[in-house]
Every structure is written in structure tokens, then in C-alpha cells.
Amino acid sequence: MSFTVSALAHLDDNDIARIKELIQSATVQDDLAPLSEHVLIHLNHGGDEHDEHIVARSTDGIVIGYLHLDQTDEVAGPVVELVVHPRHRRMGVGRALVHAATERAGDDRLRLWAHGELAMAYALASNLGFKKTRELWQMRRSLFSAMPKYDVPTGITIRSFVPGQDEEAWLALNAEVFAEHPEQGQLSRNDLDVRMSEGWFDPSGFLLACKGDKLVGFHWTKIHGGRRGGGHDHPEIGEIYVLGVAPSERGTGLSKALSLKGLEYLRDEGLGAAMLYVDADNDSAKHLYESIGFMHWDTDVMFTRA
Ligand SMILES: CC(C)(COP(=O)(O)OP(=O)(O)OC[C@H]1O[C@@H](n2cnc3c(N)ncnc32)[C@H](O)[C@@H]1OP(=O)(O)O)[C@@H](O)C(=O)NCCC(=O)NCCS
């Protein structure tokens, strides 16, 4: 079967309607939404200014495949999500979409996200030389429901990050906390500066726990969507973006206090819900989040080039 593949910076109303039909057909066939809620919301709102789209069409112009490319994360690299119409699978469309995205991004760190655990996603990824690198749970909780009580451990104060002052101490603690987790633990000063220059960054939602002069924990929150969401035109949701406690302070209740303090901050900012990503095999973190009211929402699998 012949088809064409084109990259578009903007989708017109007709393209959006056709892509939504394609997503609907795949959802019915697979019993699972093929793309993340984040991408679906962007499509419903006409696309975000930073979105890039790669569309496959049959020779009679019908949309048979769609790939969403997000290149906004300069630190972690480009991210793609894709779907092929159930009647046009196993014809090379998925492969062509990923190749077009790789060419457009010009970056070997391309990450493929699949939602749920579809065998065909694994098959496509491995055929293209990608391997599963992470399996993440997305968890959510309402910020309208009551929050558990907590105590800040004795001798600890919690304050906001001060740009120009706290960067090096935070990087050292982050490396210690995530020593086993290369992607997060190897964050460099430049990576941090890039994050801090992004539209969503707000130091008042980046909480630090201090014992005297020493930094012993942090909870970095992030607000997606709305006017603070870096151009993401959809309702706001808060995220537990990164949470870490120094090994010496574990078991003291500090992680619970930091998490809840951050959730209070998000609630005080007027948000109604919070989400987070946690590695599916990180039982201790999942246990913490369940204890403060989060529930499993979705499972996402990330593939990177082997
Ligand atoms: C995964 C998906 C995008 C694949 O699209 P596709 O157009 O059918 O993929 P291609 O035809 O380009 O397949 C390329 C190769 O991947 C492998 N592959 C893809 N689907 C497969 C399946 N169902 N079973 C076995 N192998 C498969 C094969 O090796 C195939 O090469 P081959 O046909 O020459 O043997 C499509 O099934 C889909 O839309 N699934 C739902 C959404 C999703 O899971 N997206 C995440 C993708 S990481």
C-alpha cells in the first residue's frame, strides 16, 4: 500500500477531526486509548504552539497514521507518541512515522511512549531498535478531598528554593538521592538552568527541607496547563515533579511532610488535582503516594534506542 508522510507545525480543523476519528477507531479496536491524555487534550484544544505533528495519508488522502512529536524538553530529549489506524497496520506506516520523527528531530535520544501494555507497541519498538527503558505508573489524587495530617520532623525547616543560592547544594543532594537512577541523578548545572528558564518554573513551588544549613530533602512541584503551563492551553493540573529525601533522613516522616506541603501549595494555587509519575517497580514510593491518597491512573511504557 502506498502512503505519504508529512510533518506539520499546525493542524487545521479538518486534520484534527480526521485524527480524532483515527484515535477513536484505535481505541475501540485496542480497548485502550493510544495516546496520552496530555496529547488528546492538546488536540481537543487545536494543538499547542510547541506541538509538531507527523501525519500519514493514503493516496486518496485519508489519515491512516498520526505521530505527535514534542521537542520541548531539551534536557531529556524529544518524545513521540503514535497511532496507526487498525485497518492499515503491518504495512510499514508506524515505521515510516518514527523514521520521519527521527529525521525531523535530528536527535538520537528520541523516546517512544506507549500507553498500556500492547504487544504491538513492543513489537514495533524492538523492530526499530528501541528497548523498554522505563515502565511508569501515573498516579492521581483530587486536591478537593481532605489531606492527611503530618508533622515536620523536629529540627527541619521547609522553605522555597532561592535561585542564585541553592543550585549547587540541590544538585549534590539530587545526585545522592538518585544515585541509582541515572536519568535524574546525573542532572547537570546546565540541565537545571534550562529547567529553571522554562515557562512553568516557579521557585515558590520548589520546596527545600533544611536541617540547619544542610539541605536534606526537596519537593519540586510543576503546574501543567493554563496560563502557567508554558503555553499549554488546557485546565491546570499540579505534579509532584521530583521528590527526594537524603538517605540519612529516611524513615523520619520527612517525605510525607514534604509531599503534603507541596500538595497544599498546589491547592493554595487553586488547583483541583495532582498527578505524578513513579517507576512501576518502586514499591516504597508507590506505598508513600498511596498513603497520601494517590491512586493508580495509567501505565506508560518508555522505549529508547538500544
Ligand atoms: C504500534 C503501532 C503504531 C504499529 O504500527 P504499524 O503501522 O502496524 O507498524 P509497522 O507496519 O510499521 O510495523 C513495523 C514492524 O514492527 C513490528 N510489528 C508491528 N506491529 C506488530 C504486531 N502487531 N505483531 C508483530 N509485530 C509487529 C513488525 O516487526 C513490523 O515489521 P513487519 O511487518 O515487516 O514484520 C500500531 O499497532 C498502533 O497504532 N498501536 C496502538 C498505539 C500504540 O501502541 N502506540 C505506541 C507505539 S510505540
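The values are calculated or read from the model by the stated rules, or taken from the named source; none is laboratory data. The structure displayed is predicted, hence computed values, not measured ones. So basically every Cβ, Gly included, is an ideal-geometry build from the backbone, and we count neighbours across all protein chains shown. The area values use the complete protein model at the heavy-atom level, side chains included, leaving out ligands, DNA and RNA. Shrake-Rupley method; radii C 1.70, N 1.55, O 1.52, S 1.80 Å.
For the reader, a short list of remarks on this structure follows.
- Only residues that are in a helix (DSSP H, G or I) and surrounded by 12 or more Cβ atoms within 10 Å (Cβ to Cβ) were counted across the range 173-192, and they come to 10.
- Residue pairs meeting the criteria (Cβ under 8 Å; at least 6 apart or on separate chains; first open to solvent by less than 20 Å² (accessible area, probe 1.4 Å), in the range 80-96; second within 7 Å of the ligand (Cβ to nearest atom) and in a loop (DSSP other than H, G, I, E, B)): E81/P34; V83/P34
- Taking first residues from the range 208-224 that are over 30 Å from P235 (Cα atoms) and basic (K, R) and partners that are part of a strand (DSSP E or B) and open to solvent by 10 Å² or more (accessible area, probe 1.4 Å), the Cβ contacts under 7 Å between residues at least 6 apart in sequence or on separate chains come to K211/I156.
- Residue among R109, R134, R104, R95 that alone is near the ligand (Cβ under 8 Å from one of its atoms) and of a type in the set (K, R): R95
- Residue match in the range 151-160 (condition: open to solvent by 60 Å² or more (accessible area, probe 1.4 Å), more than 16 Å from the ligand (Cβ to nearest atom), under 25 Å from L192 (Cα atoms) and assigned by TED's automatic domain parsing to the domain that holds S248): yes
- Among all positions in the range 110-133, there is no residue which is in a strand (DSSP E or B) and of a type in the set (D, E).
Matching residues to (1) in a helix (DSSP H, G or I); (2) open to solvent by 30 Å² or more (accessible area, probe 1.4 Å); (3) among the β-branched types (V, I, T); (4) more than 24 Å from G226 (Cβ to Cβ):
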residue	(1), (2), (3), (4)
A26	yes, no, no, yes
I41	yes, yes, yes, no
V55	no, no, yes, yes
H68	no, no, no, no
D73	no, yes, no, no
V98	yes, no, yes, yes
R104	yes, yes, no, yes
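- Of the residues making up the range 243-295, those that are surrounded by fewer than 21 Cβ atoms within 10 Å (Cβ to Cβ) and in a loop (DSSP other than H, G, I, E, B) number 13.
- Hits in the range 53-106 - residues which are charged (D, E, K, R) and in contact with a helix residue (DSSP H, G or I) (Cβ under 6 Å, 6 or more places away or on another chain): E74, E81
Listed here are the residues, each with its yes/no results for (1) over 17 Å from K261 (Cβ atoms); (2) more than 19 Å from the chain's Cα centre (by Cα); (3) acidic (D, E).
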site: F144; (1), (2), (3): yes, yes, no
site: M147; (1), (2), (3): no, yes, no
site: R159; (1), (2), (3): no, yes, no
site: G164; (1), (2), (3): yes, yes, no
site: E168; (1), (2), (3): yes, yes, yes
site: A179; (1), (2), (3): yes, yes, no
site: Q184; (1), (2), (3): yes, no, no
site: S188; (1), (2), (3): yes, yes, no
site: L192; (1), (2), (3): yes, no, no
